[in-house]
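Here's the structure we're looking at; comments come further down.
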């Protein structure tokens with residue numbers, strides 16, 4: 001029988017099998033598991049697409065693995081293999097069975113997508129995108145199902161034992177869930193790693209890397225399956241003898257090696273995350289002398305289909321540095337050409353990925369006036385250390401985010417006049433360059449637009465583009481430009497978000513004083529994609545988390561406040577932070593502007609939502625976290641720390657720092673509030689602190705300064721068990 | 001009877017699958033110790049009774065799966081075919097069942113011994129800790145009911161259909177991934193990671209070990225349930241035999 005005939009027979013048999021029908025039914029039910037357990041996810045797309053699809057992916061893949069093992073063992077259990085082997089080649093039969101199993105898996109995945117489509121569309125309302133939804137099922141569920149059945153069949157064909165195959169498969173599955181594969185995009189073959197999906201600024205980054213990793217594992221699974229075909233028993237011989245005999249079919253070992261090499265190559269040369277060697281290096285500076293440029297121009301083109309950026313940077317130099325110079329670029333980019341004064345110059349790129357950059361060395365041949373032209377392009381790569389938590393550089397149809405070194409080369413060149421920037425992006429997006437809106441554009445072909453502007457800075461520090469809407473209003477004498485995603489327009493109107501912004505400004509101005517903005521009292525509040533997992537603030541500019549406006553956040557009175565409070569927290573940083581009172585102390589892992597900002601957020605929330613709410617979500621949380629810190633064995637016995645692996649030592653140190661900033665210090669300030677005579681007195685002190693901010697702009701406001709303003713000593717604010725033990729109600733604080 | 005016991009024991013112990021599972025259990029135990037337990041359960045010392053019980057709770061699913069896999073083997077088609085011959089021996093089905101349960105108990109003890117030996121090595125190497133007197137009772141209360149209840153349920157389910165025993169293995173696997181923090185947590189890893197947090201820290205900064213009544217009752221109930229299930233199976237075997245006669 002030919003392979004196609006065998007495939008038809010196998011497929012028909014599978015569709016007639018009761019076991020397969022039960023499996024298919026269970027497979028269709030698996031997304032429900034993800035729907036049930038997704039209460040804490042912040043974005044709608046994560047809750048109604050990512051979670052059900054990923055849960056269904058893992059559970060149904062395991063289900064199919066068990067079914068394929070049982071199907072593969074069917075002939076041996078019944079002893080019919082003696083007859084079937086005589087009628088057709090066992091290898092051909094195995095290949096036909098695998099093809100049929102893959103067809104069934106694909107059918108169930110597609111059926112799942114169809115069955116849950118109405119539910120997902122209703123739940124996601126105006127944020128639903130059918131293409132994105134379908135792509136999730138096809139990329140994650142379908143491909144992982146194939147990988148899973150290939151591995152399962154491999155184990156059975158090698159061992160020919162059901163229980164051993166199940167154990168081996170379980171071990172492989174466990175590897176995916178173990179600490180080794182945690183937060184790793186490439187090792188998680190069964191349960192793909194997705195941090196969060198953005199609702200308003202949709203990005204295909206996770207689907208891109210998801211497809212790539214599925215492809216990579218598919219190659220590895222195919223290689224192992226091809227190898228297992230070699231072990232298919234012939235003439236009642238064992239696996240080893242069958243393997244030797246199987247080698248005679250040259251195409252099988254050749255295909256095994258080809259797929260293995262392809263899989264390994266895809267893993268080693270993946271283009272999404274850089275190959276950082278030292279995660280401790282956080283910043284790299286160029287040590288060559290600063291060269292003055294009379295003009296700097298950047299010409300960039302974002303390609304949303306491939307997610308690549310291509311660009312050209314031009315530097316007009318009068319007296320160039322003629323020694324060996326270097327430039328930093330995102331490790332995903334390659335410099336394709338460099339010229340000076342119209343002549344090509346040599347350059348070499350070194351694979352020294354660190355701090356999110358790669359070096360390229362070049363030498364300008366002669367010290368005469370000319371223009372240095374650098375042409376570059378590629379897929380922006382994420383920094384290895386940050387990739388599991390933040391997606392900081394990507395190009396998509398609906399959103400673009402490019403950080404410092406992923407937008408243009410970084411050189412030690414300075415230009416007083418700033419730089420001219422031209423960037424071509426999809427026409428539906430509104431761009432912001434170095435935190436300022438771009439205003440001039442020219443329409444291009446294919447629905448793209450080329451935006452032009454001159455920046456005051458000579459480099460591109462931040463480039464963001466998305467489908468944005470801007471509301472302008474006044475809050476406590478400050479002009480507010482409230483920038484949010486078009487997808488959230490309805491939510492902004494429905495929940496009167498603009499009023500919430502006014503409330504925060506009114507509260508802080510009343511309690512601490514008016515915001516001292518230097519640039520015509522204007523403040524831009526800009527929503528950023530959830531994939532950034534946070535935002536930053538600087539004078540007159542503040543980024544805020546996308547999920548603050550998520551329908552889930554806004555509709556849930558209990559949990560909703562927390563994300564909104566992140567927004568409030570970030571806004572309060574305008575008073576207590578880099579552009580308000582600078583709170584810093586060298587060498588201190590306790591005192592920072594976070595403590596005072598968290599305390600101020602608590603006070604605002606207390607006034608807005610009531611004492612009970614503030615106690616439950618703030619004071620009780622601080623106490624609990626500090627209590628856990630005090631309880632931690634390694635904090636009580638630091639002499640044992642050396643036994644901990646370095647990874648856990650770093651983790652503990654980071655946990656301690658976070659607890660000190662966000663929990664211990666606010667609790668100490670709360671204690672100070674009691675000691676100085678209550679909230680009113682504390683407000684007076686904080687008002688004075690804010691008024692005196694100019695005196696501390698350079699040197700920083702230290703913890704000792706804070707104690708001086710409060711008239712307290714260090715020992716007064718030291719926390720005792722009574723202050724933080726939950727259950728010891730208001731003993732100390 | 002003793003001869004048959006030794007025969008059955010030898011048959012299991014010298015199978016490479018058991019030896020492989022023993023090695024897997026040992027490696028898994030080391031993995032749990034070095035990646036998870038080294039941080040201590042519920043912020044207590046890694047060598048506290050709480051942590052040690054949490055460790056046993058984490059390794060018990062693997063040990064139970066090993067035993068259940070051997071048990072599944074007793075109910076395979078091949079085994080049933082052989083039973084026509086073994087039933088000719090002057091021994092009742094119930095006695096045969098108890099002999100096999102004894103063999104499974106020995107296997108479980110061996111696997112547990114490996115898990116504990118790995119822990120003793122770990123504690124002595126990293127923390128120079130050797131005083132285990134207080135660990136025996138909570139440890140026994142933790143592992144004994146696990147074994148008895150799974151043995152009873154395994155025999156009963158596999159007797160109905162071998163596939164049901166594999167489902168039980170799947171449940172053990174799931175329990176290892178999602179351990180509840182209640183006193184009724186069969187394997188105990190979730191319970192021992194959560195319960196100490198509800199207790200006030202004692203001298204030295206961590207709660208002294210105390211056996212919660214609810215937990216002790218739960219362990220007792222599991223033990224009784226396991227014995228009852230086993231009893232039910234023995235009775236079922238006897239009835240089957242009577243009906244055959």
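Read the figures in this text as sums done on the coordinates, not as results from a lab. Please read these numbers as outputs of a predicted model, since none were measured by experiment. Note that each Cβ is placed from the backbone with ideal geometry, even for glycine, and that neighbours are counted across all protein chains shown.
Pull out the extension gain between residue A:264 and residue A:180, defined as 0.36 nm times the separation in residues minus the alpha carbon to alpha carbon distance; nm, one decimal.
On the way: separation 84, 0.36 × 84 = 30.24 nm, distance 1.82 nm.
Stretched fully, the residue A:264-residue A:180 segment lengthens by 28.4 nm.
Can you classify segment A:291-466 as rounded, prolate or oblate using the Cα gyration tensor, where a ≥ b ≥ c are the square roots of its eigenvalues, rounded means a/c under 1.5, and otherwise it's prolate if a/b beats b/c and oblate if not? Each step should come with its number before you reach the end.
Working: a/c = 1.87, a/b = 1.33, b/c = 1.41.
It is oblate, given that a/c is not under 1.5 and a/b is not larger than b/c.
Rounded to the nearest 0.05, what FRET efficiency do residue A:722 and residue B:211 give with R0 = 30 Å and r taken as the Cβ-Cβ distance? Could you check?
Values: r = 29 Å, r/R0 = 0.96.
According to the calculation, E is roughly 0.55.
With a bin width of 10 angstrom, please list the P(r) values of segment A:662-722 as percents of all Cα-Cα pairs, from the 0 bin to the one holding the largest distance.
Percent of pairs per bin, in order: 21, 54, 24, 2.
Is the C-alpha gyration tensor of segment B:83-176 telling us rounded, prolate or oblate? Criteria: a/c under 1.5 is rounded; beyond that, a/b larger than b/c is prolate, otherwise oblate.
Here segment B:83-176 falls in the prolate category.
In whole angstrom, how long is each semi-axis of the equivalent ellipsoid of segment A:488-724, when you take the square root of 5 times every eigenvalue of its Cα gyration tensor and sort them from largest down?
Result for segment A:488-724: semi-axes of 29, 23, 18 Å.
Tell me the volume per residue, in Å³, of the convex hull enclosing the alpha carbons of segment B:89-135.
78 Å³
What angle do you read, to the nearest 10 degrees and between 0 and 90, between the alpha-carbon axis of helix A:3-16 and the longest principal axis of chain A?
70 degrees
For B:18, A:15, what ranking results if the residue with the fewest other Cβ atoms within 10 Å of its Cβ goes first?
In order of increasing Cβ crowding within 10 Å: A:15, B:18.
Seen from all sides and averaged, what is the projected area of the convex hull of the Cα atoms in segment A:64-168, in nm²?
If I average the Cα hull's projected area over directions, I get 7.8 nm².
Packing-wise, with mean Cβ within 10 Å as the measure, how do B:217-228, A:656-667, A:677-688 rank, highest first?
In decreasing order of mean packing, B:217-228, A:656-667, A:677-688 become A:656-667, B:217-228, A:677-688.
Can you pull the one-decimal nm distance between simple spin-label points at residue A:336 and residue B:121, each 7 Å off the Cα toward Cβ?
If labels sit at residue A:336 and residue B:121, their model points lie 5.7 nm apart.
Taking the C-alpha atoms of segment B:86-245, how large are the radius of gyration and the largest Cα-Cα span, Dmax, in Å?
When restricted to Cα atoms, segment B:86-245 yields Rg and Dmax of 19.3, 67 Å.
Taking a ≥ b ≥ c as the square roots of the eigenvalues of the Cα gyration tensor of segment A:579-637, is the shape rounded (a/c under 1.5), prolate (a/b larger than b/c) or oblate?
oblate
Given the -39500 (n - 2.57) contribution per DSSP H run of 4+ residues, what per-residue ellipticity at 222 nm results for chain A, rounded to the nearest 500 deg cm²/dmol? Please list the in-between numbers first.
Details: 25 runs with 329 residues, N = 733.
Calculated mean residue ellipticity at 222 nm is -14500 deg cm²/dmol.
Could you give the nm distance between label points at residue A:474 and residue A:3, where each point is 7 Å from its Cα heading toward the beta carbon?
So the two model labels end up 7.7 nm from each other.
I'd like the FRET efficiency for residue A:613 and residue A:538, computed as 1/(1 + (r/R0)^6) with the beta carbon distance as r and R0 of 30 Å, rounded to 0.05.
The pair residue A:613/residue A:538 has a calculated efficiency of 0.45.
Please list the radius of gyration and Dmax for segment A:141-194, considering alpha-carbon atoms only, with Å as the unit.
11.8, 35
Using 1/(1 + (r/R0)^6) with R0 = 45 angstrom and r between the beta carbons of residue B:136 and residue A:19, what's the FRET efficiency to the nearest 0.05?
After rounding, the FRET efficiency stands at 0.45.
Bins of 20 Å, beginning at zero and ending with the bin holding the largest distance: percent of Cα pairs per bin for the protein assembly as shown, please.
Values per bin, smallest distances first: 11, 35, 36, 16, 3, 0.
For chain A, what's the relative contact order in percent, using C-alpha pairs closer than 8 Å and at least 6 residues apart?
With pairs under 8 Å counted, the relative contact order is 9 percent.
Run the paramagnetic zone check for residue A:82: 7 angstrom along Cα to Cβ, then residues of segment A:218-237 with backbone nitrogen under 13 Å.
A:236
Helix A:162-177 versus the longest principal axis of chain A: what is the Cα-based angle in degrees, 0 to 90, to the nearest 10?
Helix A:162-177 sits at roughly 20 degrees to that axis.
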